């Protein structure tokens, strides 16, 4: 059952991920990305991170991606034109990527110590309660800092957008 | 294995009831609006137009499925699908009543409980923007696009007050799952004031409730916030280009959203299925209401306005009497399980029904906002107020950790 | 009581005049300059009156300046009897000369510049005097060197002035190098620079019969002293330093700065008293310098040069005194010398001022009617320097000579001869300037009161200054080993002095022709002496020329142009341009290329960390 | 009922694949918006790694980190999209290769 779920959503995620890269139209990529996020949320649930799953859906799926789609609609961005001035990226990209994935695979399968087997429900610490406790005790300062950061981001966005208006 | 079977049964029941409700909700709305505007509303199809929803469904199914030439096919088809699916999910985690035991099987009157139920609801609400937005964008029509843009902006904006309004009852309940929240609202102060969250100590959540309702109007694109489908500005907003079944999907989604949001409101603020005052007396509310309905039907039958009233109204009266009898049995608690089920469902549906009525009522009375007013309202009034409410709640909860 | 206030006033004067002097105008500049010196003078008086009778040294720790490892150098100020004497000399004479300078510099442009430098000089001199450790003393030491450079080069528009300034500075650098080495050696040996601590440490060590570490330190410090106080090998800068305005010569190059070396040696006497060899070197150098400079002084015709050489020889006297162990006598002579030599220079300055810039004795004469005050005040100075009783010079010089006699008679004899020569050339200058017929062509006039008043004051001091019993005052610090029972050296030296005066009278008043005759008789010897024994030329030939050669050929053409310019400067520039041209290709503005590079880099990192490092 | 366990390495592999897909998108796509989307994809892959490892260690610090990552991603999206709007206004293009000079 667990395996089945994993396989289904992993495949969805990978297909959607490829779709993000391959689709010519931004909005298709964006929607595929939403698909990736949804399936990842399910995988988070399998990993016992229920809160993170919901946060993933709310923050990513609900806010960030909607913002993206909103902007895409606003700019009415059409499909991109194939124009490659960056010849280096075109040439060197693929081999580097392959080497990268190969290295990562090697690390995952040979270098890492014994990994657990994921069983749904065997570890359910990822509740909102636990995260809240940790977030407001041990990680209080980072939390404050990150909130300041996002405040600054909002201000920056507003400023840029205002420049947009006039 | 029993788990599966029981769940399956529950799903079937809830689905059937839910779909019918959606269908008849439209009839109810039309009737209520009509009476608000002193019209009679649907009357021709079936007695008092009771067959109207079926007729509508039939019409929508058999209508020609117009497929505009310049649309982005995939998303054009995907959008209503997304909308309706997301709209139908939420009901599956709504508890209608306490734990019951039928034929030795203990189960909850709820399809499935989720630890993070509220968050799930929020997530679904958040994602359900895509339906509208995509519909607007993909149908390649400037009105639709504007509608889509408006709705996405509006939904994002009103999601914040909605979430903040939700957080404060959560602070009181200390739980995220609907079941736990409902249970936390059981009982009475001084024996007669219910522990619903709108009366909950230390800080009654009335403001949160109002904010939640306002935001809910916006989230469901209802008047006075139905900018996305403002028919006098943009023909029909995001679903201008949609017809027949695809249109029906959006239609269903809208009503489903209404039901969901009212259910959530009931669960969060109005104490779910817990009656307004303690058990032995509150049992008799349901029979009383039904009896009054029956009597009014008979009264109507006495002087009929139309000629077939004299047949239909007595029929309704009889039906109501039967229901009254059933609820009397329930109130006497002869069969405990039955009474639990019936009473809790009655109370739950009563609250939801009232809220839905409020929705329709508002639609019948209030004018529509202008777009900038809408945004202004959301960001400069609703958001700060909800934040303030949340702050006060948190402070009081922190000050009085042990509940009275 | 805040000793640092003494330093503060001149510093304030310097800052105000230096920064705003141009805008302030003459009156304000004068006010600040004189005011600051006056304040610090009176504050010195106040401090001394409070500390009187100064039986124990009073030191004050302002703050810790350097704290590194075992070495701790504080900004510590110290007042004991020695520094009290020096403080009075510096501030007192300094004040007088400041007042004088107001009159003298009245017409000069860059008036504010002069006075700001003057105040700065006083500031550094006071640091030098007050410091209670070698390093702080060295700060003052270098500071006064700087001020001397600035003031000698006051007429920087003129070539000779800048040359003289450079000469003074460079020669001093040589001495300072020795000083620095001595200081470093002190740090190595004693792990401290504080006079008190060093003295304590030295006290525990035995007197070194032959060369030892203390001797080395003492000699190195003495090298510094020879530089600053113009002793034999390094005296050459002082005569040229007369290029500066006369008040500068009077204050810096006669009264105070040049005696810094003497003060330093006296201050570190505990070292010298443990190194007899060093003391002998000091004595001999001093003696030789004294007679050597005196012999040159005889033949000079530039009035300031005459006095400059007399300064050198007088400094030689002081070192003789120090070398024979009569520190108190040395300091005593420092004081009296400060009086009469300042007076001499100021008088000379007044004469020059009166003749509007004329310095050559051959173009003077018969000025006593034109400028009587200058004339008669100068007479006091001449008598004092000639060691004629009861003038100031007599006592100090007598103290030194008797000490020398007690130490080694031959030193005494040479010293006595030198005294005679001194008397001779001083009075030669006086006679040439004020008697006979006027040989110049400027209209001579007496200097204003502002200049003559200081003359009178100093005249009084050089007349009566000898009665201040400095040796007695310093006796607890330096037990005077020369007791005055033995009167013969005194008498002999006085006789020599009188003889010198008489000879001068004979040659330049009674029989002027005789002078020329002798001059011709001396012939080559005279020319040799007149040309200062060609010392400058020798130095030039031996040191300067080779240095210039090496610099121009090896360092400039070879190292600088050949190596640094081409190889480093241009080479680096060329390399930078080349590489930049290559690397510029990366800065294409193509974000995707950047991303690819980032990918490559991260791949490398992960590979190294993970695969090579085995992931752990 | 019985859940057959899944080796954690599968999750890690999936996250690696997603990450590399994101990088590929960054390198090979030419529209600014898509590049942004690719960045988000990378972030998601990293988040999955975080959460997988926090399962491995049975500690929820990983969740906190991925939460922070989300917040940063949100901030980045806000500012980045504003920048994209400005760029589009000034340059009239979203082709990333056209935007290769700092000054207009």
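Remark: relative contact order (region C:275-530) = 27 percent; criterion is Cα-Cα distance under 8 angstrom and separation of 6 or more residues.
Its DSSP H runs of at least 4 residues, each contributing -39,500 (n - 2.57), put the calculated 222 nm mean residue ellipticity of chain B at -22000 deg cm²/dmol, to the nearest 500. First check a/c for region C:385-445, with a ≥ b ≥ c the square roots of the eigenvalues of its C-alpha gyration tensor; if it is under 1.5, answer rounded, and if not, answer prolate when a/b is larger than b/c or oblate otherwise. Prolate, because a/c is 1.5 or more and a/b exceeds b/c.
Compared with the rule-of-thumb size 2.2 N^0.38 Å for a compact globular protein, region C:291-358 has a Cα radius of gyration ratio of 1.25. Peptides C:447-460, C:240-253 ranked from most to least packed, by the mean per-residue count of other Cβ atoms within 10 Å: C:240-253, C:447-460. How far is the Cα center of region C:397-424 from the Cα center of region D:31-89, in Å? Centre-to-centre (Cα) distance: 96 Å. Think of it as helices only: each DSSP H run of n ≥ 4 in chain C is worth -39500 (n - 2.57), and spread over all residues that comes to -21500 deg cm²/dmol at 222 nm. How far is helix C:488-505 tilted off the main Cα axis of chain C, in degrees rounded to 10, range 0 to 90? Compared with the principal axis, the helix lies near 80 degrees.
For region C:1-79 versus region B:62-129, the spacing of their alpha-carbon centroids is 89 Å. Helix-only arithmetic for chain D: the sum of -39500 (n - 2.57) across DSSP H runs with n ≥ 4, divided by the residue total, places the mean residue ellipticity at 222 nm at -26500 deg cm²/dmol.
Where a ≥ b ≥ c are the square roots of the eigenvalues of the C-alpha gyration tensor, would you call region A:36-96 rounded, which needs a/c under 1.5, or, failing that, prolate if a/b is larger than b/c, or oblate? Taking the square roots of the gyration eigenvalues as a ≥ b ≥ c, region A:36-96 is oblate.
Each Cα pair under 8 Å and six or more residues apart adds its sequence gap; the mean of these over the residue count of chain C is a relative contact order of 11 percent. Once the Cα atoms are used to define both axes, helix C:213-228 deviates from the longest principal axis of chain C by about 70 degrees. The simple spin-label model puts a point 7 Å past each Cα toward its Cβ; for residue B:89 and residue C:2 those points are separated by 7.8 nm. Please compute, over every Cα-Cα pair in region D:8-91, the percentage with a separation greater than 16 angstrom. Roughly 57 percent, once rounded to a whole number. Per residue of peptide C:323-333, the mean number of Cβ atoms on other chains within 10 Å of the residue Cβ is 0. Please report the relative contact order for chain A, taking Cα pairs under 8 Å with a sequence separation of at least 6, and give it as a percent rounded to a whole number. Worked out over chain A, it gives 23 percent. Highest mean first, the peptides A:71-79, B:184-192 sorted by other C-beta atoms within 10 Å per residue fall in the order A:71-79, B:184-192.
Summary of packing: across the peptides C:555-563, C:495-503, the per-residue average of other C-beta atoms within 10 Å ranks them, highest first, as C:495-503, C:555-563.
For chain D, the longest principal axis of the C-alpha atoms and the axis of helix D:32-57 are separated by about 20°. Note down, for chain B, the three equivalent ellipsoid semi-axes (square root of 5 times each alpha carbon gyration tensor eigenvalue), biggest first, whole angstrom. Each semi-axis is √(5λ); the values are 34, 30, 21 Å. The distance from the alpha carbon centre of region B:281-351 to that of region C:178-192 is 113 Å, rounded to a whole number.
Take each residue of peptide B:108-120, count the partner chain Cβ atoms within 10 Å of its Cβ, and average: the result is 3. Legend: mean number of C-beta atoms from other chains within 10 angstrom of residue C-beta atoms, peptide A:118-125, equals 5. Rounded, prolate or oblate: pick one for chain C, where a ≥ b ≥ c are the square roots of the eigenvalues of its C-alpha gyration tensor, a/c under 1.5 means rounded, and failing that, prolate if a/b is larger than b/c, else oblate. Prolate, because a/c is 1.5 or more and a/b exceeds b/c.
No lab work stands behind these numbers, since they all come straight from the coordinates. If you're wondering where the values come from, they're calculated on a predicted model, not measured in any experiment. Note that we place each Cβ from the backbone using ideal geometry, even for glycine, and neighbour counts take in every protein chain shown.
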